[in-house]
Amino acid sequence: MTQYLFVLGRNPDLSLLEILAYCKRKKIRYTMIDSNEEIAVFDMQGFDEHIAIKELGGTVKIARPQPELLNYKGTKNKVIYAVNYIKADPVQMDQKIKKLLAQEELKGTRRHGKTRKIDPSKAQNLDYEFIAYRNTIYTTTAVSNPKEYKLRDATRPIYDPLKVISIRLAKILINLSEAQREIFDPFCGTGTILQEALLMDYLVWGVDKEAHAARKNLEWLEQRYTQIKSHWQVFQGDATDLRKFKTIEAVVTEPYLGPFHLGLPTVEEAEKIADELRILYRGTLMELAKKVTGKVVIIFPELKTRSGDIVSLDMYTIITRSGFKLAPILSSIQNPIPYIDKKDKINRYIYILQKDKAKEIIKK
Ligand SMILES: C[S@@+](CC[C@H](N)C(=O)[O-])C[C@H]1O[C@@H](n2cnc3c(N)ncnc32)[C@H](O)[C@@H]1O
């Protein structure tokens, strides 16, 4: 077993759940040693951090404890390094790092001296990036690449930053589904979820009322990322009518979340939107219940209003009546998982659902 420290993204609960789901799918043996709102430490077997950092949306960096500076490949004895401090005493840890460098006869020049946490985009051009966590020095061995995500997002043929799901969140949701082979997105929009799933080797299917955007973007992706081996199909259609599909392994989707308002709606307007959304979500879940064999990872909103009141959709009733239930997750984390950004006009909640087998038996 090798020890790995994961620096978690802005929603640590989601990041942790994602890592656990990822290990399950990839059949990685692990023991969790520590976790908190910033990091998670695991002992793992059969894990490759260089692949994982590209597939995990909620992990910012991965590091290993290294008493010797194993990954130094340079020939000179001068190295450039930086340190992140997490629940660590900077003075004590700086001394440790100096000792470590001296042992290897390396002369260190330090960058980002006053920063406690180094942004991945700034972690380039360093010989070493250390993470001082409590009493241990870890060396970063894999860093996520926000520039690549930005480029993939913004240069695709159809992109509207206000309407698409982020690449990071798309990856998290895909991993949470624990799907082995297939991902289906019945509200695929510009195809962000399908695109990320395709890059993770999944077979992907999408449906949208306007299928053109996803088709165009996925054609572009295939030309640009020649390593893609898997296949995709996007259908023009309605999420409440999926009769062309026989079975679906797993669903990952951000459905229609209501009309795009400039300002916040009044309570009356929000109630009306909520009624429409309930009908759409009920119809979709009932249709999915006939086809899905695995998990459904889906975002449902809570509507903010001009007066500050929140209009809830009471999804629990809709979920249970359509034949699904909330999938059990870690006991310390509640399902649904809030994914809330104060700047957003709605509050998003991530629901991980599975079929309620007891209900199926009663029906039979
Ligand atoms: C929030 S967007 C999805 C955005 C997508 N995740 C992306 O990154 O581009 C919701 C999508 O649902 C589609 N839509 C709305 N009602 C639908 C329905 N009844 N059936 C299928 N698609 C629908 C809209 O055309 C829109 O593309």
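The values are calculated or read from the model by the stated rules, or taken from the named source; none is laboratory data. In this text, all values refer to a predicted model and were calculated from it rather than measured experimentally. As a convention, Cβ positions derive from the backbone with ideal geometry for all residues, glycine included, and neighbour counts pool all protein chains shown.
Numbers at a glance
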quantity: Residue within the range 264-285 that is under 22 Å from the mean Cα position of the chain (by Cα) and more than 16 Å from the ligand (Cβ to nearest atom) present; calculated: no
quantity: Residue match in the range 170-190 (condition: modelled with pLDDT under 95, closer than 23 Å to G206 by Cβ and not in a loop (DSSP other than H, G, I, E, B)); calculated: no
quantity: Qualifying position, being away from the ligand (no atom under 16 Å from the Cβ) and surrounded by 21 or more Cβ atoms within 10 Å (Cβ to Cβ), among A197, A132, A170; calculated: A132
quantity: Some residue of the range 146-157 being touching a strand residue (DSSP E or B) at 6+ places or on another chain (Cβ under 7 Å) and not acidic (D, E); calculated: no
quantity: Matching option when the condition is more than 9 Å from the ligand (Cβ to nearest atom), touching a residue at least 60 places away in the same chain (Cβ under 8 Å) and in the same structural domain as K290 (by TED's automatic domain parsing), among W205, W232, W220; calculated: W220
quantity: Residues satisfying the stated conditions in the range 85-108, i.e. of a type in the set (S, T, N, Q) and at pLDDT 90 or above; calculated: Q92, Q95
quantity: Qualifying helices (runs of 4 or more DSSP H) (wholly inside the range 249-364; at least 2 residues being surrounded by 19 or more Cβ atoms within 10 Å (Cβ to Cβ) and touching a residue at least 60 places away in the same chain (Cβ under 8 Å)); calculated: 267-291
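Here's the yes/no breakdown for (1) in a strand (DSSP E or B); (2) farther than 29 Å from T192 by Cβ; (3) in the same structural domain as I299 (by TED's automatic domain parsing):
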{"position": "A102", "(1), (2), (3)": "no, yes, no"}
{"position": "G108", "(1), (2), (3)": "yes, yes, no"}
{"position": "G113", "(1), (2), (3)": "no, yes, no"}
{"position": "I118", "(1), (2), (3)": "no, no, no"}
{"position": "S121", "(1), (2), (3)": "no, no, no"}
{"position": "A132", "(1), (2), (3)": "yes, yes, no"}
{"position": "Y138", "(1), (2), (3)": "yes, yes, no"}
{"position": "A154", "(1), (2), (3)": "no, no, yes"}
